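Let me begin by presenting the structure, written as structure tokens, before commenting on it.
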Amino acid sequence: MVGKINVGSAEAAPKAAAPTGISHNFDLKFIESPDFKTLVFNALPGEEGSNPDFKVKSGDSVTFKVENAGISFHAFAVVSDVDDPTTIVFNSAIKSANNPMKAGETGEVTFIAGAPGEYHYVCTVPGHALLGMQGNFIVEP
Ligand SMILES: [Cu+2]
């Protein structure tokens, strides 16, 4: 086998831009399918508005307003690894898996989008992102 190993001078990791002064307001609702097998944001899969993509620029101010319109407990954050709800970035959490939002509660968080990359917003209660409570949060340079 022939391979190539790159050593040193790797591309620098992306860095956060300076604040841009631009603000975004995003609204989300936690909802559940009647059989509770599907947990999503805003609308069931295939319906309009289900798990929307959000795209911002590094340095933008982002506010998420989130409503727990379900019957279960939920919590919110932007994460770097969609399979690991503990990989929270940008101080973006609303409540937590240990202290989640109850049914009918609302919450909001404002943060500055950091280093460019492809992130995900999820429910941070273990297992909920895997059942569908996840969407793309893209930070552009
Ligand atoms: Cu949840």
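The values are calculated or read from the model by the stated rules, or taken from the named source; none is laboratory data. All values reported here derive from a predicted model rather than from experimental measurement. When we count neighbours, we look across all protein chains shown, and the Cβ atoms used for this are built from the backbone with ideal geometry, even at glycine. Ligands, DNA and RNA are stripped out before the accessible areas are found, and what is left, the full protein with its side chains, is counted by its heavy atoms. Shrake-Rupley method; radii C 1.70, N 1.55, O 1.52, S 1.80 Å.
A few comments on the model shown:
- Surface accessible to a 1.4 Å probe, Lys55 within the full protein complex, Å²: 130
- Antiparallel beta bridges, as assigned by DSSP with both residues in the chain, represent about 65 percent of the total such bridges.
- Taken per residue, the accessible surface of segment 29-141 reaches 47 Å², heavy atoms only and a 1.4 Å probe.
- Percent accessible area from carbon and sulfur atoms, the chain, protein chains only, probe 1.4 Å: 53
- For segment 20-52, GluC sites (Glu not before Pro) are listed when DSSP marks them as loop and at most 16 other Cβ atoms sit within 10 Å of their Cβ; the list is Glu47, Glu48.
- Restricting segment 35-135 to chymotrypsin sites (Phe, Trp or Tyr not before Pro) that sit in a DSSP loop and have at most 12 other Cβ atoms within 10 Å of their own Cβ leaves Phe36.
- Computed over the chain: relative contact order in percent, which uses C-alpha pairs under 8 Å that are six or more apart: 28
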